[in-house]
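Student: Right, I'll just put the structure down here and ask away after.
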Amino acid sequence: MRGINNLKFIVDNNTGKPVKWLRMMGYDTLFFNGSDDSHMVATALKEGRVILTRDTQIMKRRVITSGQLKAVFIKSDKPEQQMQQVIDTLDLDCQFRPFTLCLECNQPLQEKSKQEIKDLVPPYVFQTQEQYMECPACHRIYWRGTHWQAMTGKLEQLVKSSAGKTD
Ligand SMILES: [Zn+2]
């Protein structure tokens, strides 16, 4: 299943936590914050996105039961277990395209030189980090600092425990 990793997602607002994790892995992920589920389903169909939801009603829709549209019913309300389930079910690769999407806007990040970001990051970061990315929408600067490493480490653990599972 590793071959079908070019997945895109739309995450229901009852299941918000996987959004940033998926973006961190490099999966194009929208957060659906509307109230009309039909809009979410329509967007998923139009853009070929997998729905992640905790809403059983959505799972009963014909487009989903017929297999025309893929949706994952998220069982847990705990963020880590939610992410674990998504990784297990879709066999996601945490090394897919890390460090490529803005965690807030889902926009592809653009590489920046050290000179370009010199005045935009704390001095200790500038001294210790070599690679920087900027979001063209919100202009956040990303680097592989401690927060990033903590998230990546957690993800790798989830993927590992997924691979090591026997049941
Ligand atoms: Zn952004």
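Student: Determine if the stretch 155-164 includes at least one residue that is in contact (Cβ under 8 Å) with a residue 12 or more places away in the chain, open to solvent by less than 30 Å² (accessible area, probe 1.4 Å), within 21 Å of Leu22 (Cα to Cα) and in a loop (DSSP other than H, G, I, E, B).
Tutor: No, the conditions are met nowhere in the stretch 155-164.
Student: Output yes when any residue across the stretch 51-64 is within 16 Å of the ligand (Cβ to nearest atom), closer than 20 Å to Leu22 by Cβ and open to solvent by less than 50 Å² (accessible area, probe 1.4 Å), and no when none is.
Tutor: no
Student: Next question, about the same structure. Test Thr152 against the criterion of being in contact (Cβ under 8 Å) with a residue 24 or more places away in the chain, of a type outside the set (A, V, I, L, M), more than 16 Å from the ligand (Cβ to nearest atom) and under 21 Å from Thr15 (Cα atoms), and give yes or no.
Tutor: Yes.
Student: Looking at the stretch 65-87, which of its residues are in contact (Cβ under 8 Å) with a residue 24 or more places away in the chain and either among the β-branched types (Val, Ile, Thr) or open to solvent by 60 Å² or more (accessible area, probe 1.4 Å) (or both)?
Tutor: Scanning the stretch 65-87 gives Ile74, Glu80, Val86, Ile87.
Student: Can you name the residue in the stretch 103-116 that is over 29 Å from Lys17 (Cβ atoms) and outside any loop (DSSP other than H, G, I, E, B) and, of all such residues, is most open to solvent (accessible area, probe 1.4 Å)?
Tutor: Gln115
Student: Filter the stretch 95-141 down to the residues that are over 18 Å from the mean Cα position of the chain (by Cα), charged (D, E, K, R) and more than 15 Å from the ligand (Cβ to nearest atom) and list them by number.
Tutor: Residues satisfying the conditions are Lys114, Glu116, Lys118, Asp119, Glu130.
Student: Would you confirm, using the coordinates I've provided, whether Leu92 is assigned to a loop (DSSP other than H, G, I, E, B), within 16 Å of the ligand (Cβ to nearest atom) and open to solvent by less than 50 Å² (accessible area, probe 1.4 Å)?
Tutor: Judged against the criteria, Leu92 is not a match.
Student: Would you be able to say whether some residue in the stretch 33-43 is hydroxyl-bearing (Ser, Thr, Tyr), open to solvent by less than 30 Å² (accessible area, probe 1.4 Å) and at pLDDT 90 or above?
Tutor: no
The values are calculated or read from the model by the stated rules, or taken from the named source; none is laboratory data. Keep in mind the model is a prediction, meaning the values are calculated, not measured. A quick note on method: Cβ atoms are made from the backbone with ideal geometry, for glycine too, and the neighbour counts reach across all protein chains shown. Protein only, heavy atoms only, side chains kept; ligands, DNA and RNA dropped before computing areas. Shrake-Rupley method; radii C 1.70, N 1.55, O 1.52, S 1.80 Å.
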